[in-house]
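Novice: Before I ask anything, let me first share the structure, which is written out below as structure tokens.
Please treat every number below as a calculation from the coordinates, not as lab data. Predicted, not measured: the structure shown is a model, and the values here were computed from it. Glycine also receives a Cβ, built like all others from the backbone with ideal geometry; neighbour counts cover every protein chain displayed.
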Amino acid sequence: MNLSERDRKILLKIARDTIHAVARGMPPPAFSANSPALEEERGAFVTIHTREGRLRGCIGVFQSNSPLHETVRDMAVAAAKDDPRFSPVREEELPNIRIEVSVLSPLKKINSVEEIEVGRHGIYLVKGFNRGVLLPQVAVEHGFDRYQFLDQTCLKAGLAPDSWREGADIYIFEAEVFEED
């Protein structure tokens, strides 16, 4: 799953150029990938933070029928203007944002929460019509243990913190995470 440093830089540039275009009211630029890894059909998330570290937008997909470079472009558009928690990114904010890309492995349904490795796995939780996801880096950034991570994923899904204990389907995934300097 390892991307080369060059591939990572290309994906970050795609995300940044796309977010700049969207914030200026322009269509996202077209990109071509000159790398087999960027042509693979992979899920990805694009996260926008302020330079101070506050979340400004985050959208992604677990699976995609598009090449990775197109998925990153599409998720950059969505993170910049469609995250329902935030207003669209404005042009004057562009100098103050930092972009992170998470390229995902396929989802794996687990039978025991003991399979979750904090710092390695992200969680996707489904219970009834509710769904929640937290990327692997979230647990590390907030110092969550496995059970706090599960509780927080439930909260993200709009459920009570311990809802994972009864009747929830829990999936794990890994992510190759990289960000701008």
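Novice: Counting other beta carbons within 10 Å of each residue's own, what order do His20, His69 fall into, fewest first?
Specialist: Values: His20 18, His69 24.
Arranged by neighbour count, lowest to highest, His20, His69 become His20, His69.
Novice: Something else now. Filter the chain for me: DSSP H helices, axial length by Cα at least 24 angstrom, mean Kyte-Doolittle hydropathy not below -1.0. List them by residue number.
Specialist: What comes out of the filter, once short or polar helices are dropped, is 5-23.
Novice: Sticking with this structure for a sec: Which order do Arg165, Arg73 fall in if you start with the one that has the fewest other Cβ atoms within 10 Å?
Specialist: Arg165, Arg73
Novice: Using the number of other C-beta atoms within 10 angstrom as an exposure proxy, rank Met26, Met75 with the fewest first.
Specialist: In order of increasing Cβ crowding within 10 Å: Met26, Met75.
Novice: Same structure, new question: Pick from Thr18, Thr50, Thr153 the residue whose mean-square fluctuation is largest in a GNM of the chain, springs joining Cα atoms under 10 Å.
Specialist: Ranking Thr18, Thr50, Thr153 by mean-square fluctuation puts Thr50 first.
Novice: Largest first and in whole Å, what are the equivalent-ellipsoid semi-axes of the chain based on the Cα gyration tensor, each being the root of 5 times an eigenvalue?
Specialist: Computed over the chain, the values are 28, 19, 14 Å.
Novice: Less than 14 Å Cβ to Cβ from Ser64, Lys/Arg counted +1 and Asp/Glu -1: what total charge do the surrounding residues give?
Specialist: Working: positive: Arg42, Arg73; negative: Glu39, Glu40, Glu41, Glu70, Asp74.
That works out to -3.
Novice: Sticking with this structure for a sec: For Glu117 and Leu55 in one chain, what is 0.36 nm times their gap in residues minus the Cα-Cα distance, to one decimal in nm?
Specialist: Working: separation 62, 0.36 × 62 = 22.32 nm, distance 2.39 nm.
Gain in length upon complete extension: 19.9 nm.
Novice: How much net charge surrounds Ala23 when only other residues with a Cβ under 12 Å from its Cβ are counted (Lys, Arg +1; Asp, Glu -1)? Write down the numbers at each step before the final one.
Specialist: Values: positive: Arg16, Arg24, Arg56, Lys81, Arg90; negative: Asp17, Glu91, Glu92, Glu93.
Taking every other residue near Ala23 into account, the sum is +1.
Novice: In addition: Could you give P(r) for region 108-173, binned at 5 Å from zero, as whole percent values over all Cα-Cα pairs?
Specialist: Over region 108-173, the share of Cα pairs per 5 Å bin runs 4, 21, 36, 26, 11, 1 percent.
Novice: Which whole-number percent is the relative contact order of the chain (Cα, under 8 Å, 6+ apart)?
Specialist: 22 percent
Novice: If you don't mind, another one. One-quarter of the Cα convex hull surface for region 13-75, in nm²?
Specialist: With every direction weighted equally, the projected area is 4.6 nm².
Novice: Moving on. Among Arg90, Arg42, Arg54, which one moves the most in a GNM of the chain with springs linking Cα atoms closer than 10 Å?
Specialist: Arg54
Novice: In units of 2.2 N^0.38 Å, what is the alpha-carbon radius of gyration of region 72-149?
Specialist: 1.33
Novice: Between Ser66, His142, Ile116, whose Cα lies farthest towards the positive end of the dipole of region 63-169 when Lys and Arg beta carbons carry +1 and Asp and Glu beta carbons carry -1, centred on the Cα centre?
Specialist: Highest projection toward the positive end goes to Ser66.
Novice: Okay, next question. What is the Cα centroid distance between region 40-73 and region 99-130, reported in whole angstrom?
Specialist: Result: 16 Å between the Cα centres.
Novice: Could you please report the charge total around Arg146, scoring K, R as +1 and D, E as -1 over all other residues with beta-carbon less than 9 angstrom from its beta-carbon?
Specialist: Here the charged neighbours net out to -3.
Novice: Name the long-range amide H neighbours of Ser64: under 5 Å, sequence gap of 5 or more, or other chain; modelled H, no Pro or chain starts.
Specialist: Long-range HN contacts for Ser64: Arg42, Gly43.
Novice: At a Förster radius of 22 Å, what calculated FRET efficiency corresponds to the Cβ-Cβ distance of Gln63 and Ile110, to the nearest 0.05?
Specialist: 0.80
Novice: Using modelled amide H (1.01 Å from N, peptide plane; none on Pro or chain starts), what sits under 5 Å from the amide H of Arg56, excluding residues fewer than 5 places away?
Specialist: Ile48, His49, Thr50
Novice: Where does the chain land at 222 nm, in deg cm²/dmol rounded to the nearest 500, when only DSSP H runs of n ≥ 4 count, each adding -39500 (n - 2.57), divided by all residues?
Specialist: -9000 deg cm²/dmol, from helical runs alone.
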